Amino acid sequence: MTHLDVALIGAGGIARAHLPAWTALGARVRVYAPDGRAPALAAEFGQTAVASREEAMDGATVVDVCTPTDTHHEITLAAVAAGAHVLCEKPLALRAADAEDMAAAAAAAGLRLYPGHVVRFFPAYAMLHALVTGGALGRVAVARFTRTGRYPTWSPWFAEPARSGGILVDQMIHDMDIARWLFGEVVRVHAHQRGHLTAPAPEDAVATGTAVLTHTTGVITQIVGVWAPPATPFRTTFHIAGTGGTVRHDSLASPGLRIVGTADANAAAGIPVGDFGESPYATQIRELADAFAGGPEPRVGPADGVAAVRIAAAAADSARTGRAVELVTPPAPEGVPA
Amino acid sequence: MRIAVLSFAHVHAQTYVELLRDRDDVELLTADPDAPPDDPDRGAALAERLGVPYVDDWDAVFALRPDGAMVTSENSRHRELVERAAAAGAHVLCEKPLATTETDARAMIDACARAGVGLMTAYPVRFAAAFAALHRAVADGSLGPLVSVHGSNNGWNPTASRPWFGDRELAGGGAVMDHTVHIADLMDVLLDGEQAEEVYAQANDVLGPDTETGVETAGLVTVRYPGGAFAAIDCSWSQPEDHPTWGGLALTCVAERGIVEFDAFPRLLGGFDSTTARSRWEPGGDDLDAAMLEEFLDTVRTGRRPRPDGEAGLRGLRVVLAAYTSLRTGQPVRLPVTPDDNPGRKHPAE
C-alpha cells in the first residue's frame, strides 16, 4: 500500500493513543465520532474530522474501530462492507459468536481484521513471550498477572456491563490474551468480581476481579484486575514459574526516569517520566499497517481476538453462575494430578 | 517453664529450638523417637548438634510434665502428640496445618479443651508488625471496606530436605496443604474469624522434581467469604531450589479507599554474590517465629487462650480440604455453614 487512508471511528482514549501512531506513519486519517469530540482530536494531529461514519469510511483502506465494545460488531461489518481492513479495539465483541461473525465476514471479503491486543506490543510482555517460547523458563507450571488502573469513570459506558462487559471482560481480557499467547488454549475458567459493577460509577469507585485459567498444556494462570481509587498509578505485574526458573515484572519498579524530589506538588508537572522508547501503540499500529499493506502476519490475528472474547465471556459466566466454565472437553493435560 | 519440642520431622522444629535454647526462662526438652535412626538431621544427632537435652522416648518426655509442648511432627501425626501432650497437662503449640482431616483437628481441639490447656496453631505471619498495621487500617475503617485480596506464598519445594512433605498420607497433600493456610490465616485475622464460604483450586505437579510423590507442587486457590470478599492465592512451591532465599509471602489488599501491599519477608539487602554466582538476598523484617513463640510462652505462663487458637487452625484446614475437593471436581466447593464452632472469634481479653 503506497497510501494509508484510515477511518478512525471514535475520539476517546484509545483513539487518542492510535491517532499519533497513524499520523507518524504518514496516514491520512478521517476521524468520526458521534459525541462531537472528533474535530478537536483531529485538529490536534493535523487530521480531518468528518460528519458521518460513511464519509469517514468512503475510500478508506483501513477502519480503526475505537468505540464502546457493544458497537464493535456493527461497525466492523460496515467497514468490511465498505471494503476496508479493520483494526478493532479489544475486546472484539462481548459475545464469542459476534467476534466469530466479524472474523468470518472479514475473511469472506478477503480483508484483514486485527484485534487491538496492544499488551502483546509492550516490551516486557514481548520479552516474556520470547523467553517462554524460547524455553528459558523450561516447562511452565504457574503464572500470575495483575493489572491495576484507576476506575475508567471518564467514560460512563465502561461501568455498564451491557456495553463493556465490566472489569472481567474489558480490562482482564488483556492478560487473558497474554496467558493464552504464552501457554496455549484454555480449557477451564473460574472467576469472581466485586465492588462497583454497575453504571453510573462515582469518581471514587473501585472494582476488582480474579480469574483462574487452566490451559491444555497443564499451566495454571491467575489473573487479577483492579479498577482502583482515583489517585492510583497504572501498574501491571507478572510472575511466572517453570522448571527453568522464574521471571517477574513490575511496571513501576524500574522506570527509566522518575521524579524523586520537588519544591511543591506541581513543580514536576510537565517532566515526562516512566518508560521511554517507542509507544507500544505505535509499535502495534506499525506492525498492523505493514500487514494491511500485504506484509507478514502480525503477532496477533483474528482467531486470537475471538479466543480472548471466548475466555473473557466464560469468566463473566463463571462470575454470574458461581461455576467453573469448561471451554472445550479437557484432554486430561499431562502433569495435572488425578 | 519446661518446654518440649516433640519431633524434628518439620524443619521449623530446629528454628524453634534455636530461638528457645538460650532463654533463661525456658528449660528446653526435645524428643524425636520416631526418627529414622540413621538420619543425621533428626533425633539425637540433631539435638546434639543443637546442644539441647534429648529424650528418646515419648512416655519419658511426657512423664517429665512439660508446661508447654511444640508439636512439629508430620502433619497427619499431629493429633496423637497433641492428645498426649494435653493429657500430660501441657499447653500446645501445633505446627500448621493443624491436621490433615477435620476429624483430627476437632479431636485435638476437644482434647485440649477437656484437659484445660491451650491449643495454638503455628501461624507466624500474623505476628508481623507490618501486618498488624495493615490489620488496624482495615479494622478502624481508614482503608474503607475490603473489596478483595490477592497474595502469594511461594517457597522451595520442602521435599528436598524433608521427603515426607511429598507423602500424601503424612503431609495430607503438597503445596496446597502446606502454603494455603498462611494467607488463609491472614484473611482470618482481617475478617475477624469469618469462615470461608467457597473455595476453588487448580494445581499441577510440573515443578516436580520428585514425581514419585504425586503431590501437587503448584497451586492457585480462590477463596470467597460470606461478606463477599475474595482472596486469590498462589500457594506454589515455585521458588527455584538454587534461589538465595527460601521464598516469601506477599499480600495485596484492595479496599475502597486504598490499596495496600504487605511483604512478610522484605528484602533488606540486595546485590550480587560472586562466590555463588547468584543474586544476594539478605532478609529483613521482623523475626516472625520469635514473635509467635512469645505469644505461646505467654499463654503457657498465664494460661490464657492463645491466638491463633485451634479453631483458627481448623478454619484454615477447612479451606484447604475444600481446595482438594475442588481439585477433584473441577468446580468451586461450598463449605458447610458452621456458625457455632467459633468460640475464639472474640478474644476474652479484648
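The values are calculated or read from the model by the stated rules, or taken from the named source; none is laboratory data. Values in this document were obtained by computation on a predicted structure and should not be read as measured data. In this analysis, Cβ positions are derived from the backbone assuming ideal geometry, glycine residues included, and neighbour counts consider all displayed protein chains.
Observations on the structure shown:
- Scanning the range A:120-161 for residues that are among the β-branched types (Val, Ile, Thr) and either surrounded by fewer than 17 Cβ atoms within 10 Å (Cβ to Cβ) or not assigned by TED's automatic domain parsing to the domain that holds A:Pro230 (or both) yields a total of 1.
- Qualifying position, being farther than 21 Å from B:His182 by Cβ, of a type in the set (Gly, Ala, Ser) and in contact with a Leu (Cβ under 6 Å, 6 or more places away or on another chain), among B:Gly258, B:Gly228: B:Gly258
- Single residue of the range B:217-250 satisfying the filter (of a type in the set (Asp, Glu) and within 9 Å of chain A (Cβ to nearest Cβ)) that is surrounded by the most Cβ atoms within 10 Å (Cβ to Cβ): B:Asp234
- Where helices (runs of 4 or more DSSP H) fall entirely within the range B:50-164, those with at least 1 residues that are farther than 18 Å from B:Phe296 by Cβ and assigned by TED's automatic domain parsing to the domain that holds B:Ala322 are at B:129-139.
- For B:Ala69, the requirement of being crowded, with 16+ Cβ neighbours inside 10 Å, modelled with pLDDT of 95 or more and within 19 Å of B:Gly118 (Cα to Cα) is met.
- Any hit, the range B:174-188, residues being within 13 Å of chain A (Cβ to nearest Cβ), surrounded by fewer than 23 Cβ atoms within 10 Å (Cβ to Cβ) and part of a loop (DSSP other than H, G, I, E, B): no
- Among the numbered conditions (1) crowded, with 18+ Cβ neighbours inside 10 Å; (2) within 10 Å of chain A (Cβ to nearest Cβ), the only one that B:Gly214 does not meet is (1).
- Any hit, the range A:188-210, residues being closer than 23 Å to B:Thr329 by Cα, among the β-branched types (Val, Ile, Thr) and within 9 Å of chain B (Cβ to nearest Cβ): yes
- Any pair with Cβ under 6 angstrom, 6 or more apart, that starts in the range A:93-118 at a residue that is on the phi > 0 side of the Ramachandran plot and ends at one that is surrounded by fewer than 23 Cβ atoms within 10 Å (Cβ to Cβ): none
Residues are listed down the side, and each one gets a yes or a no for (1) at the interface with chain B (Cβ under 7 Å from one of its Cβ atoms); (2) modelled with pLDDT under 95; (3) under 22 Å from B:Val206 (Cβ atoms); (4) surrounded by fewer than 20 Cβ atoms within 10 Å (Cβ to Cβ):
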position	(1), (2), (3), (4)
A:Val212	yes, no, yes, no
A:His215	no, no, yes, no
A:Thr221	no, no, yes, no
A:Trp227	no, no, no, no
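- Each residue in the range A:229-278 was checked for being β-branched (Val, Ile, Thr) and either within 14 Å of chain B (Cβ to nearest Cβ) or crowded, with 17+ Cβ neighbours inside 10 Å (or both), and 7 of them qualify.
- Residues (touching a residue at least 60 places away in the same chain (Cβ under 8 Å) and closer than 17 Å to B:Arg2 by Cα) located in the range B:18-63: B:Leu19, B:Leu20, B:Asp25, B:Val26
- Residue match in the range A:136-143 (condition: within 14 Å of chain B (Cβ to nearest Cβ) and closer than 30 Å to B:Gly227 by Cα): yes
- The residue of the range B:251-264 that is nearest to B:Val147 (Cα to Cα), among those that are facing chain A (nearest Cβ under 10 Å) and in contact with an Asp or Glu (Cβ under 9 Å, 6 or more places away or on another chain), is B:Glu256.
- Restricting attention to the range B:258-285, the residues being under 30 Å from A:Val206 (Cβ atoms) and either in contact (Cβ under 8 Å) with a residue 60 or more places away in the chain or part of a loop (DSSP other than H, G, I, E, B) (or both) number 8.
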